[in-house]
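Okay, so here's the structure we're looking at.
What follows is calculated from the coordinates using simple rules that are stated; it is not laboratory data. What you are looking at is a predicted structure, and each value in this text was computed from that prediction instead of being measured. Using ideal geometry, Cβ is built from the backbone for each residue, glycine included, and neighbour counts are taken over all protein chains shown.
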Amino acid sequence: MSKILLVNGSPNEYGCCGTALEEIANEFAKNEVETETLWLGKKPMQDCIACFQCKTKGKCVFDDDPVNDIAARADEFAGFIFASPVYYGGPNGRLTSFMDRLIFSAGDEKWAGKLAASVVSCRRAGATEAFERLNQYYLMTNMIAVGSQYWNNIHGGTAEDAKKDAEGLQTMRTLAKNMSWLLKSIEAGRANGVTFPEYEEHIYTNFIQ
Ligand SMILES: Cc1cc2nc3c(=O)[nH]c(=O)nc-3n(C[C@H](O)[C@H](O)[C@H](O)COP(=O)(O)O)c2cc1C
């Protein structure tokens, strides 16, 4: 079975997002689903400069961070979970800069049919806004956004706080259970002739035609 990539967008590798992703990885392991974790580190993350060169070159012009590597390896993964701390009521710039370039440069066909979920962590508030913002990536690229028993957020300022958020941790486990079940269901469907939809050519209008 294909792997799930867990992307940690926090500058703290072992903070609240790291705690949530560890809980998710452990639950996937119980369900015999392999995971790989990618921490985006602490260095500045280049944002998208809208040069559109990826559309002709097939990859992002900025080649010094994991964007091109993950885009090239996208077919290895059946699903993705992107985790971000909440900064001023939204996901952090590091993760959105990474995701803007990753999703845009690889092209929609790379992402169609893959499972996806967002995880956010905050001390007090802004989780739902950050969660909704991250979900926008999946809902316009034919990815299949996976939910849980609650919106996927965990609370705390430190990993120690997050480890005390019993409901948050359970929400992470339920997310991994749902994703594991969906993966197995899709594989069973494929083995029985249920094929992925064939899409029409995408019509683009800029609200002027
Ligand atoms: C620049 C900045 C902005 C923040 N904004 C919020 C916020 O809007 N709401 C909130 O509850 N916590 C906010 N926090 C706290 C973090 O979201 C919270 O501590 C989070 O769980 C940290 O996750 P991490 O340990 O994975 O980095 C902010 C922290 C920083 C550094």
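So here's what we get for this one:
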{"quantity": "Qualifying trypsin sites (Lys or Arg not before Pro) in the range 107-209, DSSP loop, other Cβ atoms within 10 Å at most 10", "calculated": "Arg124"}
{"quantity": "Sequence-distant residues sharing a close amide H with Lys3 (under 5 Å, placed H)", "calculated": "Ala78"}
{"quantity": "Value in Å of the Kirkwood radius, where the range 31-94 supplies the Cα pairs that are averaged", "calculated": "14.2 Å"}
{"quantity": "Value of D in µm² per second that Stokes-Einstein yields for the range 134-209, Kirkwood Rh from Cα pairs, at 4 °C (1.567 mPa s)", "calculated": "82 µm²/s"}
{"quantity": "When the range 52-154 is reduced to its Cα atoms, the Kirkwood hydrodynamic radius in Å", "calculated": "14.1 Å"}
{"quantity": "From phi via Karplus (6.51, -1.76, 1.60), per-residue ³J(HN,Hα) for the range 109-116 in Hz, x at Gly/Pro", "calculated": "5, 5, 9, 4, x, 7, 6, 8"}
{"quantity": "Residue-span extension gain [Ile203 to Ala191] - 0.36 nm each, minus C-alpha spacing", "calculated": "1.2 nm"}
{"quantity": "Under 14 Å from Lys3, Cα to Cα: aspartates and glutamates that are on another chain or at least 8 residues apart", "calculated": "Glu27, Glu32, Glu34, Glu36, Asp75, Glu76, Glu187"}
{"quantity": "Rg/Rg_globular for the chain, with Rg_globular taken as 2.2 N^0.38 Å and Rg from C-alpha atoms", "calculated": "1.02"}
{"quantity": "For the range 1-50, alpha-carbon Rg over 2.2 N^0.38 Å", "calculated": "1.34"}
{"quantity": "Estimated FRET transfer efficiency (Lys55, Gln170; beta-carbon r; R0 45 Å; 0.05)", "calculated": "0.60"}
{"quantity": "Pairwise label distance in nanometres, Gln136 with Tyr87, each label 7 Å out on the Cα-Cβ vector", "calculated": "1.6 nm"}
{"quantity": "Lysine pair count for the range 47-192 [Cα-Cα under 24 Å; pairs on different chains or 8 or more apart]", "calculated": "11"}
{"quantity": "Helical segments meeting 27 Å axial Cα length and Kyte-Doolittle -0.5 threshold in the chain (DSSP H)", "calculated": "166-191"}
{"quantity": "Cα lying deepest toward the dipole's positive end in the chain, options Ser185, Thr174, Cys16, charges on Cβ", "calculated": "Cys16"}
{"quantity": "Percent of beta bridges antiparallel (DSSP, the range 3-191, rounded to nearest 5)", "calculated": "10 percent"}
{"quantity": "The chain, dipole about Cα centre (Lys/Arg Cβ +1, Asp/Glu Cβ -1), debye to the nearest 20", "calculated": "240 debye"}
{"quantity": "For Cys60, Cys17, order by how many other beta-carbon atoms lie within 10 Å, fewest first", "calculated": "Cys60, Cys17"}
{"quantity": "Where trypsin sites (Lys or Arg not before Pro) fall in DSSP loop in the range 1-65, at most 16 other Cβ within 10 Å", "calculated": "Lys42, Lys59"}
